[in-house]
Every structure is written in structure tokens, then in C-alpha cells.
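*Asks:* Quick one: the structure is below, and I'll ask about it shortly.
The values are calculated or read from the model by the stated rules, or taken from the named source; none is laboratory data. What you see is a predicted model; the values in this text were computed from it and never measured. Ideal geometry is used to build each Cβ from the backbone, glycine not excepted, and the neighbour counts take in all protein chains shown. Note: areas computed on protein heavy atoms with side chains; ligands, DNA, RNA excluded. Shrake-Rupley method; radii C 1.70, N 1.55, O 1.52, S 1.80 Å.
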Amino acid sequence: MGYCKGGCMIGPSILNADLSRLTEECQRLLDAGADYLHLDVMDGHFVPNLTFGAPVVACLRDKFPGVTFEVHMMVSNPDQWIGDFAKAGADIYTFHIEASSDPAATVQKIKDAGMKPGCGIKPKTEVEPLSTLAPSLDVCLVMTVEPGFGGQKFMSDMMSKVKFLRKNHPDSNIEVDGGLSPATIEQAAKAGANMIVSGSAVVKAPDAAVVITELRNVVKKWRSQ
């Protein structure tokens, strides 16, 4: 289906894939029904881990010209990298509100660079600042684990933030990231999330298509109510 405002979208996190075979892994996930690819960019400062940068995104863009790439910028200075990732071919640039001294200005810079702006909050951050910014965003991200490492347990107490956003912004894309699987999707979908980032539950599954279909069906069920 690909990216669409307000629709159900499943975005596997490629950080959980076999990075030595990244092109093949991305193709496998797309063939399994992924609507977009979620690319976790970490700088070793904002979060205690280091991943990849714009050159990797540019290489993937050459291989997948029509696929929506969301770069999740877990970096201390998100403004610094906007130009590089726009040039590399990122579609959605999701930064963390905690890392920007002027989130509204960061959003405008992302738009000026030709990308769709997203903004996320860590579990200890209140939801109200994100809600204030939401009308200018394409993606509102609620982290359901502490960002930086995969394989953490889903934090169900973050669902109150998702509910708040859905109530106040009924047409917004609300994304959840961290611990999403067939065992936790019901909570996220019921709260109002429509963009689902799933790492190991999809990427490491014996049949990724089965898991993606299950996640999608649950989200569609709740979005239709």
C-alpha cells in the first residue's frame, strides 16, 4: 500500500535485519507486505548506540526508488543532518523533540528540504509538546521502549499518550515504535496507532508476511470502529 495519511501502515525496522545482506533483506520485507521501511539513525550521543548515516540511505534509495523511507533520527542535533538525508533520498525525517531547541523551526527546515516531518517523544517525555506540534507534522511518534536498542519489552503505559494524540488529532498519523508484535499490537491499535514499527517480531519471523498481515488486520479492525 505504501505511505498514506491516516491509513494503516506497517514499517519494519531494518536495524534488526542481516546488515551484511541489506538489499536482499529490504526486498524480502517489501515482498512480505511492508508499507515503508523504518531506518534507525543513532549517533552514539542522543542514544548509547551507533548505527548508519546518509550514505547507507543513498545506496538503498538507488535500489528501491519508489519505496517510502522513514529515517528515525535518534541524534543530538537533528537540524545538522537534514540536508544530507534529503539528498540521500529520505522521505520522512522523524526527529526527537528532546533534541531540538526549536522543534517548530526544525519542522520547517525539514519541509523546506522536501521531506515530510515527523517528531517523536521518549517514554519519559510528556505528550503535550508533541500534541502542540502535531498539526504541522506528517508523523507523531510515541516510543514504547527507551530508544537505542532493539528487543526491549513493550511499555503499555505509553498507550495513554497514543490515546491523547488520537483524541486531539483524529486524522494524524500516530506511530508506535518498540516491542510491537502480535502479542502487543492489540493495545497499540486500540489506543489509536496507525503506523506500526516492528523490528525483530517481523524481521526475525519464520514468515514475515504472516506477521505483517496479522499486525495490519488488527490495526484495520480498530481503525474501522
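*Asks:* Defining a contact as two alpha carbons under 8 Å apart and six or more residues distant in sequence, what relative contact order in percent does the chain show? Don't skip to the end; give the middle numbers.
*Replies:* Working: 468 pairs, mean separation 47.6, N = 225.
Over the chain, the number comes to 21 percent.
*Asks:* If packing is taken as the mean number of other Cβ atoms within 10 Å per residue, what is the order of 168-177, 136-145, highest first? All intermediate terms of the calculation are to be shown ahead of the outcome.
*Replies:* Details: 168-177: 20.3, 136-145: 24.1.
Going from most to least packed, we get 136-145, 168-177.
*Asks:* Out of the total accessible area of the stretch 38-168 (probe 1.4 Å, heavy atoms of protein only), what percent is carbon and sulfur?
*Replies:* Answer for the stretch 38-168: carbon and sulfur cover 53 percent of the accessible area.
*Asks:* I'd like the distance separating the alpha-carbon centroids of the stretch 86-100 and the stretch 36-64, in whole Å.
*Replies:* Cα centres, the stretch 86-100 to the stretch 36-64: 11 Å.
*Asks:* Place a +1 charge on the Cβ of each Lys and Arg in the stretch 1-61 and a -1 charge on the Cβ of each Asp and Glu, then give the dipole magnitude about the Cα centre in debye, rounded to the nearest 20.
*Replies:* With only Lys, Arg, Asp and Glu charged at Cβ, the dipole is about 160 debye.
*Asks:* Here's something else I'd like to know. Among 152-159, 88-95, what's the highest-first ranking by average C-beta atoms within 10 angstrom per residue?
*Replies:* 88-95, 152-159
*Asks:* Which one is right for this structure if volume of the Cα convex hull per residue in Å³ is calculated from it: (i) 215; (ii) 106; (iii) 147?
*Replies:* Read-out taken from this structure: (ii).
*Asks:* Now a separate question. Find the accessible area per residue for the stretch 101-225; the probe is 1.4 Å, ligands and nucleic acids are left out, and the unit is Å².
*Replies:* Each residue of the stretch 101-225 exposes 44 Å² on average to a 1.4 Å probe.
*Asks:* Give the carbon-plus-sulfur fraction of the accessible surface of the stretch 184-225 in %, rounded to a whole number; probe 1.4 Å, heavy atoms of protein chains only.
*Replies:* 52
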